[in-house]
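Colleague: Shown below is the structure under consideration.
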6 protein chains.
Amino acid sequence: MTAFTRTGARAADQLRPVRITRHYTMHAEGSVLIEFGNTKVLCTASVEERVPPHKRGSGEGWVTAEYGMLPRATHSRSDREAARGKQNGRTQEIQRLIGRSLRAVFDLKLLGERTIQLDCDVIQADGGTRTAAITGAWVAAQDAVTKLLAAGKITQSPLIQPVAAISVGIVEGTPLLDLEYVEDVGCDTDMNVVMTGAGHYVEVQGTAEGVAFTRKEMDALLALAEKGIAELIALQQQALRD
Amino acid sequence: MTAFTRTGARAADQLRPVRITRHYTMHAEGSVLIEFGNTKVLCTASVEERVPPHKRGSGEGWVTAEYGMLPRATHSRSDREAARGKQNGRTQEIQRLIGRSLRAVFDLKLLGERTIQLDCDVIQADGGTRTAAITGAWVAAQDAVTKLLAAGKITQSPLIQPVAAISVGIVEGTPLLDLEYVEDVGCDTDMNVVMTGAGHYVEVQGTAEGVAFTRKEMDALLALAEKGIAELIALQQQALRD
Amino acid sequence: MTAFTRTGARAADQLRPVRITRHYTMHAEGSVLIEFGNTKVLCTASVEERVPPHKRGSGEGWVTAEYGMLPRATHSRSDREAARGKQNGRTQEIQRLIGRSLRAVFDLKLLGERTIQLDCDVIQADGGTRTAAITGAWVAAQDAVTKLLAAGKITQSPLIQPVAAISVGIVEGTPLLDLEYVEDVGCDTDMNVVMTGAGHYVEVQGTAEGVAFTRKEMDALLALAEKGIAELIALQQQALRD
Amino acid sequence: MTAFTRTGARAADQLRPVRITRHYTMHAEGSVLIEFGNTKVLCTASVEERVPPHKRGSGEGWVTAEYGMLPRATHSRSDREAARGKQNGRTQEIQRLIGRSLRAVFDLKLLGERTIQLDCDVIQADGGTRTAAITGAWVAAQDAVTKLLAAGKITQSPLIQPVAAISVGIVEGTPLLDLEYVEDVGCDTDMNVVMTGAGHYVEVQGTAEGVAFTRKEMDALLALAEKGIAELIALQQQALRD
Amino acid sequence: MTAFTRTGARAADQLRPVRITRHYTMHAEGSVLIEFGNTKVLCTASVEERVPPHKRGSGEGWVTAEYGMLPRATHSRSDREAARGKQNGRTQEIQRLIGRSLRAVFDLKLLGERTIQLDCDVIQADGGTRTAAITGAWVAAQDAVTKLLAAGKITQSPLIQPVAAISVGIVEGTPLLDLEYVEDVGCDTDMNVVMTGAGHYVEVQGTAEGVAFTRKEMDALLALAEKGIAELIALQQQALRD
Amino acid sequence: MTAFTRTGARAADQLRPVRITRHYTMHAEGSVLIEFGNTKVLCTASVEERVPPHKRGSGEGWVTAEYGMLPRATHSRSDREAARGKQNGRTQEIQRLIGRSLRAVFDLKLLGERTIQLDCDVIQADGGTRTAAITGAWVAAQDAVTKLLAAGKITQSPLIQPVAAISVGIVEGTPLLDLEYVEDVGCDTDMNVVMTGAGHYVEVQGTAEGVAFTRKEMDALLALAEKGIAELIALQQQALRD
């Protein structure tokens, strides 16, 4: 128990309200607006009938991701990366993470020689943009796969199982699930966890922002993450049923 | 009269349904989602308490704009400019146009030494993104100015009058107002017009995509644009009253 | 009538002395130095027996343009774009305009799968560099086409008709033809007009630098431009006869 | 027990031979060649009497890192990043990781307004370059700090405690410590762990390269990492005594 | 004596016709078109009342150079460096050479804290562009210095003595002065020599394009260069008297 | 005779201790650490079974070089070129020089359609890095060629003869061989000479850093260089025998 009060009297192990809106834009094969509280990320899945050079002739497909943030998605405006002429290190890290996470649940052979390009663009940021992006990108990818199946381009789904992600962290000594921005800024430890529907880890990235963290703290964070991801996977399934 | 039928049986001199949603995101001083039919552009206005070098010490402020398009805002995915490492010529042209159009209705002295940075990001494209951007950016700028006035940072509005923009064009011989994408692709002449609330021109940019156009055709296009912009300015005013 | 006096007692509707020197350099298939008063632009046309990717296999050719300014073509030295590592927005706008203007008078099918690359480099700037560039580039393109015909590579000219361009503007309330630099700096409205030999518009780009302009002012400017372009087209024809 | 045989009959929980050579080059305030088996990384620490903009006037210093790989440090030559004109995403991820890891054991206030710039350049790569880099960079940083103390520029060491890093992974079902290249290529899970001398975590980055990993596997990997890092920290201390 | 015949029956030790046209463009403080036969280089000298960072507060000025080639200055069109986004190695080498050569005859203290920026742009290339650039840049610099003296900004000329440059080479076994393009392409050895009015060397850059060259060949080339540069320096003086 | 005393009482015509260590790293086909006193350069030769576009289908191979300096190879840290996003002019000049020097002793026909890529990376700099690079790169190239012969990929060595390089200069009036950094900084004339085993010149690059140099001084420098290079070529041969 702690004196720390979260926005909206949220419990330490409680997700922010999650909203998954499919078909958010009309051109992409999959298009999902995912909201973790005030964090809003537009995730689109585009199917392209070609693969990058390292996959040509392999009979396998490719899944990759790009990540961006609108300049005023944040409290104070950040430079537009296109204008500055390069993506910064954080952006590159995040888009590599999203790509790896989604590839972990794809059978690239079943996809055939085509690419699913995921674009995750943050419309509004309030902490947890990368985990929202992974969780939403999976739904967009599922919609794109469904279209490929419906069009007869593939006969078996290459999407093996769900994947979702959540952030956890220790703020003023308390392990918290799904950090919003003010919590993220003040936290000592920040961990992003990506898990499959089977409850196995795809990625665990824990970082001590302030003091280093103990094994016991890490165990507490992993337990929180496991709970949150199970809930997110249920929400993904529900969104797909709607 | 023409055999050409527009989507939704729209008349040649009719705007698409226009929707202006203020306060679309929460961080920016002004944040407007503007929709011209299926075209959706998020326009944010950010106030920064500094000016670029050429205005330092001048006692005047600055108004500038950047424009971007989410990679899958379009029918087929286009490269992310941040990943490619530069903004293309079209992007630069458009953001220069937006900046000039807004500066035309600003009194930079009354703004004081601060910058209003307008970001126009296309969420979904179906023709007319630059004209929607200008029209929406003006509303976002107005909201930002209202905040500056409320905060006592300025005592008189530097926004002299409204500005709005629309595209017109000749498709299969017929002059049309507010081209959507399929019309834009097939048109012979494409013209973007930016006008003030007083009915004066800020910009006229007419381009013959196919055959060159006559003075008579130009006059017809200008008349259509004048009608459309008057309607847009009324819609801006209504949005600000809501 | 106005108190404003132009350099050399030039009339409001008078072009500066125009000089078109063909074969200015020896390597290019077309090479023209065009002078509008003190503005001097070297326009070369290079024929390349290949087309860009979007035209490969189409049976059609391509016409494109690049524009540059020597660093000390201007009053004070401007940065060399090659050293800075990118072309600025103005440069890109201008080279896109030149390319569109020339393509408007080319039949790309008759050109065959080859490219005419126009390079317009400003040796000395005194206003109107983009309009001089278009006017001169057409002559250079004509010389390159003549060589292709003479070499038997094509049997019919793909150059359908002439194209030329001029700037007009309102300075201290007076509409003026062919602005030189000091007039351009002080003008309220600046308009660049590109017309074909048939007197039709290819491009009209009017910009209010200061106060927005009325329809009546626009009509006056268009009339001036029409007069100037007719004279330029006569001068192009004369240069080709020499 | 496993059928998998490691190079040189190395045990699953055994580090490769580690060699730490101080004063490897003569100009840097700290210069360490660290070898993990065939992996060789040159780590230099440079002291600069200035800080980046976000620290100016704060009274605090800064610690940052850059990472590079000589083009032929690897089996087949990779492009030189300086020639290609940018650092790739992997390079940026690694140098951000090194920087965070070192900052975690620095008291930036005690450092004063100066920067310790760590450069980690891979001379020869055989797996584990980022963990060798962190482990070696700490020794180089310690040497630089010792010089600052000796010069009287600081009176108390800003280096609070040691930090070291190791990779662990699951290869053919067996958890292994300190993966060499052939193991890294074939592994299902790859984890990099950074710990302090006190045995607390600074970073845990686990990635499923093939199938997702279970909590039990993660526990096994963390145990291996803890053992390895304790040994590395002892080796750092010994190197500093020599 | 040799069987090799030069264009226009030029002797082995004969310069091409050299033409130096001062005041070629109107804005620059010095503006010279220099022609070595068909090679034409525009050299401008711009005076800027500031110095680069490494000279600030030193009481000394700076002299620097940039070099460029119009895309169609050459037989076949070369890419525009501004469009490609960087200057190639050859361009950088040449502009560094021009800068060093001019600085060798400047007393930077007498120049005061200002910069003379030399821009050498090749309008037409036929071999020897860098040597023409150095020779012409010196005249442009002299004109700029004369203006500074006339304006009373400096009281004593910082230009100590003349400098000029010429290429020499061995073609089919014969040492030749001032190579034109076809000779340059076929030569075994290519040497660029920069000398002062006093007959001393500022730069000697000899390169074996084919077989390595002997000391005897080098002596022959140096003798030719000495003769040619003496003539060029006389031509510079004559141009300044005109 | 002079009052100037060199480090370690070195004679004016004496090389620094030269050390050539072959097989310095394990992956490259040739890998040589060459030391000229405190200057240490790692030279690797990589064989790639492809050629650049201008050699494709020619039956000839290619030899090229890249050069880099670790950020803290120097007294004060220099920016990492990969981070800055481009190689500076000096780097490009040097890598072009190394490439030309090595190609001068290669028969590209005998090499066949493959590339030898030389990477010269300065680990520690104390003057003469480019000359050490050329001298060491030749040994690395020789080792790579020996592997190609042993593998039966070529049957005759394409390496015609040795090549080596040395710097010479005039310091306080005295011609010196093999300048170290403090001598290089203070010298009036700096010359880099590249010669073949046959004693012929491949490159001579002399630069007056301060006052211009006379023919007599040049002759003295060339004599010193000839002596030094003969010694270096003997050391290369000895290293290959070891």
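Colleague: Taking only Cα atoms and a 10 Å spring cutoff, compute GNM fluctuations for chain D and point out the largest among D:G61, D:G136, D:G199.
Modeller: Comparing D:G61, D:G136, D:G199 in a Gaussian network model of chain D, the most mobile one is D:G199.
Colleague: Then there's this: If I model a spin label at F:V182 and D:V185 as a point 7 Å from the Cα along the Cα→Cβ vector, what separation in nanometres do I get?
Modeller: So the label points at F:V182 and D:V185 sit 4.9 nm apart.
Colleague: Just to confirm my numbers, what's the Cα centroid distance between the range F:151-191 and the range C:1-76 in Å?
Modeller: Here the answer is 49 Å between Cα centres.
Colleague: Can you give the average number of partner chain beta-carbon atoms within 10 Å of each beta-carbon in peptide B:121-128, as a whole number?
Modeller: Partner-chain Cβ atoms within 10 Å, mean over residues of B:121-128: 3.
Colleague: Here is a follow-up. What are the aspartates and glutamates whose alpha-carbon lies under 18 Å from the alpha-carbon of A:K227, with same-chain residues fewer than 8 places away excluded?
Modeller: Result set, ordered by chain and number: A:D13, A:D178, A:E180, A:D190, A:E203, A:E217, A:D219.
Colleague: Then there is this: Can you pull the Kirkwood radius for chain F, inverse mean 1/r over Cα pairs, to one decimal in Å?
Modeller: So the Kirkwood estimate lands at 18.3 Å.
Colleague: Would you mind checking the tilt of helix B:215-241 against the longest principal axis of the Cα atoms of chain B, expressed as 0 to 90 degrees and rounded to 10?
Modeller: For helix B:215-241, the angle is close to 40 degrees.
Colleague: Sticking with this one: Check the straight Cα-Cα distances from A:K86 and name the lysines below 18 Å, setting aside those fewer than 8 residues away within the same chain.
Modeller: B:K86, C:K86, D:K86, E:K86, F:K86
Colleague: Another question, if that's okay. Rounding to the nearest 10 and keeping the result within 0 to 90°, find how far the Cα-based axis of helix A:89-103 lies from the longest principal axis of chain A.
Modeller: Approximately 60 degrees, to the nearest 10.
Colleague: Report, as an integer, the average count of C-beta atoms from other chains found within 10 Å of each Cβ along D:85-95.
Modeller: For peptide D:85-95, the averaged partner shielding equals 6.
Colleague: Mind ranking F:35-43, C:180-188 by how tightly packed they are, going by the mean number of other C-beta atoms within 10 angstrom, highest first?
Modeller: Result, highest mean first: F:35-43, C:180-188.
Colleague: Carbon and sulfur atoms: what percent of the 1.4 Å accessible area of the protein assembly as shown do they account for?
Modeller: It is 50 percent, rounded to a whole number.
Colleague: Estimate the FRET efficiency between E:H23 and E:A198 by the formula 1/(1 + (r/R0)^6), using the beta-carbon distance for r and 25 Å for R0, to the nearest 0.05.
Modeller: After rounding to 0.05, the efficiency reads 0.35.
Colleague: Run the label-point distances for F:R215 please: 7 Å along Cα to Cβ, every other copy, nanometres, shortest first.
Modeller: Those separations, rounded to one decimal, come out as 1.6, 7.5, 8.3, 8.3, 8.9 nm.
Colleague: Picking from D:P175, D:P162, D:P52, which is most flexible by a Gaussian network model of chain D using Cα springs under 10 Å?
Modeller: The residue with the greatest mean-square fluctuation here is D:P52.
Colleague: Okay, moving on. Which chain F residue puts its Cβ closest to the axis that rotates F onto B, and at what distance in whole Å?
Modeller: Spelled out, residue of F and its Cβ distance from the axis onto B: F:G85, 5.
Colleague: Please list 3J(HN,Hα) in residue order for the range F:164-173, calculated via the Karplus relation 6.51 cos²θ - 1.76 cosθ + 1.60 where θ = phi - 60°; whole Hz, with x for glycine and proline.
Modeller: In residue order, the calculated couplings are 8, 9, 8, 9, 9, x, 10, 10, 6, x Hz.
Colleague: Using a label position 7 Å from Cα in the Cα→Cβ direction, what is the ascending list of nm distances from B:K109 to the same site in the other copies?
Modeller: With the label placed 7 Å along Cα→Cβ, B:K109 yields 5.0, 5.0, 6.0, 7.6, 8.0 nm.
Colleague: Also, I was wondering about something else. Which order do the peptides A:10-22, C:226-238 come out in when sorted by mean C-beta neighbours inside 10 angstrom, highest first?
Modeller: For the peptides A:10-22, C:226-238, the packing ranking is C:226-238, A:10-22.
Colleague: Kindly provide the helix-only [θ] at 222 nm of the protein assembly as shown, computed as the sum of -39,500 (n - 2.57) over DSSP H runs of four or more divided by all residues, to the nearest 500 deg cm²/dmol?
Modeller: Roughly -10000 deg cm²/dmol at 222 nm, from the helical runs in the protein assembly as shown.
Colleague: Can you tell me the relative contact order of chain F? Whole percent, Cα pairs under 8 Å, sequence separation 6 or more.
Modeller: Computed over chain F, the figure is 21 percent.
Colleague: Once phi is turned into ³J(HN,Hα) by the Karplus curve 6.51 cos²θ - 1.76 cosθ + 1.60 with θ = phi - 60°, what whole-Hz value does each residue of the range E:195-203 show in order, with x for glycine and proline?
Modeller: Couplings: 10, 8, x, 7, x, 9, 7, 9, 8 Hz.
Colleague: Determine the per residue accessible area of the range B:9-95 with all protein chains present and a 1.4 angstrom probe, expressed in square angstrom.
Modeller: Heavy-atom accessible area per residue stands at 41 Å².
Colleague: Using amide H atoms built in the peptide plane, which far-off residues or other-chain residues are under 5 Å from C:H27 H to H?
Modeller: none
Colleague: When chain B is modelled as a GNM with alpha-carbon springs shorter than 10 Å, which of B:D119, B:D219, B:D178 fluctuates the most?
Modeller: With Cα springs under 10 Å in chain B, the top fluctuation among B:D119, B:D219, B:D178 is at B:D219.
Colleague: Which FRET efficiency, nearest 0.05, do E:T155 and E:D79 yield, Cβ-Cβ r, R0 45 Å?
Modeller: 0.45
Colleague: Just which residues of the range B:66-82 lose 50 Å² or more accessible area with every protein chain there, against their chain alone, with the probe set to 1.4 Å?
Modeller: When all protein chains are present, B:E66, B:L70, B:R72, B:R77, B:R80, B:A82 each give up 50 Å² or more of accessible surface.
Colleague: Any idea of the total accessible area buried by the F-D contact, 1.4 Å probe, rounded to 100 Å²?
Modeller: In total, chains F and D hide about 2900 Å² from solvent.
Colleague: Taking the label point 7 Å from Cα in the Cβ direction, how far apart in nm is B:A9 from each other copy of itself, listed shortest first?
Modeller: With the label placed 7 Å along Cα→Cβ, B:A9 yields 5.4, 6.8, 9.0, 9.0, 10.8 nm.
Colleague: Sticking with the crude label model, points 7 Å out along Cα→Cβ, report the distance from A:E49 to F:T174 in nm, one decimal please.
Modeller: Taking the two extended label points, one gets 7.8 nm.
Colleague: Which value in nm describes the separation of the simple spin-label points at A:F4 and A:D219, placed 7 Å from the Cα toward the beta carbon?
Modeller: 2.0
Colleague: Now, a different point. Which ³J(HN,Hα) values, rounded to whole Hz and listed in residue order, are derived for the range D:146-153 from phi using the Karplus coefficients 6.51, -1.76 and 1.60 in 6.51 cos²θ - 1.76 cosθ + 1.60 with θ = phi - 60°, glycine and proline given as x?
Modeller: 3J(HN,Hα) across the range D:146-153, in whole Hz: 4, 5, 5, 5, 4, 7, x, 6.
The values are calculated or read from the model by the stated rules, or taken from the named source; none is laboratory data. Bear in mind the structure is a predicted one, so any value in this text is a computation, not a measurement. Neighbour counts are summed over all protein chains in view; Cβ atoms, including those assigned to glycine, are modelled from backbone coordinates with ideal geometry. Side chains included, ligands, DNA and RNA excluded: accessible areas come from the protein's heavy atoms. Shrake-Rupley method; radii C 1.70, N 1.55, O 1.52, S 1.80 Å.
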